[in-house]
Amino acid sequence: RALAASHVAKHQTIFKESIGKLSNVLTRLLLPLPFRDIQCGWKLYPVAFRTLLSLSKMNGAAFDIEWLLIAQQNGFAIQEIPVTWSNRPSSRFGPASYLHSLYELWHVRRSYARGEYYRRPLRT
């Protein structure tokens, strides 16, 4: 959504957009993820990525941050592309959800610092 060629058909509230941008900046400060919009819901993973899902620990709002980090740490090429996106007013992601996602982000940062997202190749 943050790329110049993207089109946002229906924006979120100013509060949600501001919190989202702040969350993205915080994520980029804590983790080596260079993406402009980490938590846009549009993501595609190759089938081979499934072998790495056992490294994942999150099942809440930060799972996508964790999955991008796992993919990056294990050599998958990641490309951010423009999208056409529209806000869904029915989203249940509220202020308490943002606080919980900060908690999860801290755990992702800790797991990254411990090297828990890199799967070492099997020796043959």
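Below is a table of values for the structure above.
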{"read-out": "Of 75, 85, 108, farthest towards positive along the dipole that unit charges on Lys, Arg, Asp, Glu beta carbons give region 1-115", "value": "108"}
{"read-out": "Share of carbon and sulfur in the accessible heavy-atom surface of the chain [1.4 Å probe, %]", "value": "60 percent"}
{"read-out": "Farthest toward positive dipole pole in the chain [+1 Lys/Arg, -1 Asp/Glu at C-beta], among 118, 29, 65", "value": "118"}
{"read-out": "Probe 1.4 Å, protein heavy atoms only - accessible area per residue of region 1-98 in square angstrom", "value": "64 Å²"}
{"read-out": "Dipole magnitude of the chain about its Cα centre (Cβ charges: Lys, Arg +1; Asp, Glu -1), debye to nearest 20", "value": "200 debye"}
{"read-out": "Whole-Å semi-axes of the ellipsoid equivalent to the chain (Cα gyration tensor, √5λ, descending)", "value": "27, 17, 12"}
{"read-out": "In Hz, Karplus ³J(HN,Hα) per residue of region 64-76 (6.51, -1.76, 1.60; θ = phi - 60°; x = Gly, Pro)", "value": "6, 5, 5, 5, 4, 5, 4, 4, 5, 5, 10, x, 6"}
{"read-out": "Residues of type lysines that residue 10 reaches as a straight line, Cα spacing below 30 Å, ignoring anything fewer than 8 places off in the same chain", "value": "21, 43"}
{"read-out": "Estimated inter-spin distance, residue 99 and residue 119, nm [label 7 Å along Cα→Cβ]", "value": "3.6 nm"}
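The values are calculated or read from the model by the stated rules, or taken from the named source; none is laboratory data. Computed from a predicted model, the values in this text were never measured in an experiment. Note: ideal-geometry Cβ built from the backbone for every residue, glycine included; neighbour counts use all protein chains shown. These accessible areas exclude ligands, DNA and RNA; they are computed on the full protein's heavy atoms, side chains included. Shrake-Rupley method; radii C 1.70, N 1.55, O 1.52, S 1.80 Å.
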